[in-house]
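To start, the structure under review is shown below, and the notes come after it.
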Number of protein chains: 2
Amino acid sequence: MATGRTHRPATRSRGIPEATVARLPLYLRALTALSERSVPTVSSEELAAAAGVNSAKLRKDFSYLGSYGTRGVGYDVEYLVYQISRELGLTQDWPVVIVGIGNLGAALANYGGFASRGFRVAALIDADPAMAGKPVAGIPVQHSDELESIIQDNGVSIGVIATPAGAAQPVCDRLVAAGVTSILNFAPTVLTVPDGVDVRKVDLSIELQILAFHEQRKAGEEAAAQTAAAAPAPVRKDSATDQGPDGDVPAVMPA
Amino acid sequence: MATGRTHRPATRSRGIPEATVARLPLYLRALTALSERSVPTVSSEELAAAAGVNSAKLRKDFSYLGSYGTRGVGYDVEYLVYQISRELGLTQDWPVVIVGIGNLGAALANYGGFASRGFRVAALIDADPAMAGKPVAGIPVQHSDELESIIQDNGVSIGVIATPAGAAQPVCDRLVAAGVTSILNFAPTVLTVPDGVDVRKVDLSIELQILAFHEQRKAGEEAAAQTAAAAPAPVRKDSATDQGPDGDVPAVMPA
DNA sequence: ATGTCTTTGTGAACGCGTGCACAAAGATGG
DNA sequence: CCATCTTTGTGCACGCGTTCACAAAGACAT
């Protein structure tokens with residue numbers, strides 16, 4: 001999972017559990033595919049398989065939205081698409097700004113999945129004056145000086161941060177001060193925001209590290225002890241005898 | 001959170017809870033920053049603040065790894081960096097292939113966070129023959145025909161999929177058949193893999209939709225009923241009286 | 001109209017994750 | 001060597017999320 005919500009202790013928003021909200025876009029995507037194939041109805045079992053979840057979980061998720069199914073038949077695809085879209089707030093248009101137009105920012109600007117779901121890239125913003133005016137994905141990049149006016153003129157409430165780590169917090173502060181209340185953060189930093197502002201984080205490096213953990217387990221399930229002995233472990237600092245430079249003695253659990 | 005693990009029912013890997021594993025990279029990043037500033041020790045309170053988590057949670061997380069702290073003092077930064085790195089499997093080199101060198105794939109290839117953590121981009125692979133040989137991030141792109149041999153020659157066990165949605169499952173199948181057992185998927189699709197293969201998913205569109213949900217709640221906490229009445233809701237299919245085309249009558253809960 | 005069959009919606013049990021609160025451990029000063 | 005102070009490590013309770021299993025509801029055939 002490349003994401004982690006920034007605290008918010010599972011604030012069950014109006015009775016819909018956070019875990020359910022996180023799955024709704026998944027259902028929506030599967031339903032949209034069915035809709036394009038003109039499939040009229042779908043059972044919880046089929047839809048769950050398409051979304052990669054347990055069917056009981058899916059039914060419970062939908063039960064939080066209301067009773068939208070028909071027993072013995074299933075769910076009306078079009079109707080459900082509309083209900084989920086409305087619940088997620090996708091029936092309205094969300095102007096979004098992307099700050100930091102490097103490789104990743106450019107990739108995001110070109111990403112088609114935004115426009116198709118009610119998200120509109122209102123502006124691309126970068127701190128580099130040389131970038132200003134250059135079109136990326138058909139939109140001219142604007143300089144960060146104009147950040148505040150862009151936010152206010154377009155009524156932007158969602159900001160995407162794709163800057164280097166060091167610039168993320170200052171940019172975040174300016175976005176929030178200008179009126180942004182939801183932030184998607186791609187910079188590898190912990191952002192501090194006031195109450196009432198939502199932050200979601202996408203961290204590519206963390207995802208890989210989690211994969212590496214499981215990979216290591218799979219690979220070294222039998223040869224684990226061997227590698228542990230071979231790797232040079234830093235000596236644990238013992239405050240009483242701490243005078244020489246760090247040695248190469250492998251750390252062993254003291255008795 | 002831009003990620004969601006693909007089932008694996010919280011498989012507590014060797015006693016370390018999945019939730020803890022997901023936080024270890026966060027601690028590691030904070031610790032690395034401290035290490036660069038030559039800070040010798042850190043308390044759970046300080047480190048927790050830097051990582052953006054509760055200090056009790058942090059201590060419990062570390063307790064799964066062992067007793068690496070000193071009461072009254074805190075944790076030795078260098079020692080802890082090593083222990084977490086080892087636990088995550090970052091003391092060894094992980095060759096990684098990136099498949100699909102579009103905007104996103106190129107951004108990933110250029111992303112510095114990989115190399116700095118023991119991940120090495122072994123190859124860039126794309127299906128477009130016109131891309132073959134073109135250098136991206138200093139690495140020449142190779143054609144998908146060579147996917148299997150690249151995987152095997154380099155002993156790659158982690159693959160990153162940054163292709164369009166339609167190509168993701170076939171690419172995934174080929175990766176798995178060639179020996180890859182961990183996949184980081186950026187394509188907006190549910191991947192089906194055999195047991196023993198880990199899949200993590202990063203979905204930009206889903207993250208934005210979750211933000212939109214909370215944004216909508218914040219914005220329309222008082223004007224909710226109003227917008228619901230204004231939006232044109234598709235009529236619910238009533239199987240008994242289903243003859244005309246869809247009307248515009250707002251759907252209302254039947255008595 | 002009645003019976004059968006399918007599929008939903010949900011009550012209930014269970015397990016994981018979180019956070020409190022405190023005892024144990026060690027450092028530090030006199 | 002003893003007292004005090006800091007900080008870790010963890011037992012415990014609570015709440016969220018998941019899953020099972022089944023009753024209720026409706027479609028459909030006869």
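The values are calculated or read from the model by the stated rules, or taken from the named source; none is laboratory data. Since the structure is predicted, the reported quantities are computational estimates derived from the model, not experimental observations. In this analysis, Cβ positions are derived from the backbone assuming ideal geometry, glycine residues included, and neighbour counts consider all displayed protein chains.
A few points about this structure:
- Residues within region B:109-119 that are without any contact (Cβ under 8 Å) to a residue 12 or more places away in the chain and not in a helix (DSSP H, G or I), tallied: 2
- Qualifying residue in region B:9-26 (condition: at pLDDT below 95 and near DNA strand D (Cβ under 10 Å from one of its atoms)): yes
- Residue under evaluation B:G179, criteria (1) within 10 Å of chain A (Cβ to nearest Cβ); (2) at positive phi, criterion not met: (1)
- Of all residues in region A:18-40, those being under 14 Å from A:A51 (Cβ atoms) and of a type in the set (D, E, K, R) number 2.
- Taking region A:151-253 and the helices (runs of 4 or more DSSP H) fully enclosed by it, the elements with 2 or more residues that are surrounded by fewer than 18 Cβ atoms within 10 Å (Cβ to Cβ) and at pLDDT 55 or above are at A:165-178, A:204-219.
- On the stretch given as region A:27-42, residues that are assigned to a strand (DSSP E or B) and away from DNA strand D (no atom under 12 Å from the Cβ) total 1.
- Pick from region A:43-54, criterion near DNA strand C (Cβ under 7 Å from one of its atoms) and either in a helix (DSSP H, G or I) or within 13 Å of chain B (Cβ to nearest Cβ) (or both), ranking: surrounded by the fewest Cβ atoms within 10 Å (Cβ to Cβ): A:E45
- The residues in region B:44-63 that are within 8 Å of DNA strand D (Cβ to nearest atom) and either under 24 Å from the mean Cα position of the chain (by Cα) or not hydrophobic (A, V, I, L, M, F, W, C) (or both) can be counted, and the count is 9.
- Residues (touching a His at 6+ places or on another chain (Cβ under 8 Å) and facing chain B (nearest Cβ under 7 Å)) located in region A:79-127: none
- Subset of region A:55-107 that is in a strand (DSSP E or B) and over 21 Å from A:I150 (Cβ atoms) - its residue that is farthest from DNA strand C (Cβ to nearest atom): A:D76
- Residue list for region B:17-26, restricted to those being of a type outside the set (K, R) and either part of a helix (DSSP H, G or I) or on the phi > 0 side of the Ramachandran plot (or both): B:E18, B:A19, B:T20, B:V21, B:A22, B:L24, B:P25, B:L26
- Filtering region A:64-95 to residues that are under 25 Å from the mean Cα position of the chain (by Cα) and within 10 Å of DNA strand D (Cβ to nearest atom) leaves only A:Y64.
- Single residue of B:G102, B:G72 found to be out of contact with any strand residue (DSSP E or B) (no Cβ under 7 Å at 6 or more places or on another chain), surrounded by fewer than 20 Cβ atoms within 10 Å (Cβ to Cβ) and closer than 30 Å to B:P164 by Cβ: B:G102
- Among the numbered conditions (1) facing chain B (nearest Cβ under 10 Å); (2) within 10 Å of DNA strand C (Cβ to nearest atom); (3) under 26 Å from A:S116 (Cβ atoms); (4) surrounded by 14 or more Cβ atoms within 10 Å (Cβ to Cβ), the only one that A:P25 does not meet is (2).
- Pair list, Cβ < 9 Å and 6+ apart or interchain, from region B:61-78 residues that are away from chain A (no Cβ under 11 Å) to residues that are more than 8 Å from DNA strand D (Cβ to nearest atom) and in a loop (DSSP other than H, G, I, E, B): B:D61/B:P17; B:D61/B:V53; B:Y64/B:G15; B:Y64/B:P17
- Matching entry among A:A106, A:A127, A:A165, A:A122 (being under 24 Å from B:Y111 (Cβ atoms), free of Cβ contacts under 8 Å to residues at least 60 places away in the same chain and in contact with a Pro (Cβ under 6 Å, 6 or more places away or on another chain)): A:A165
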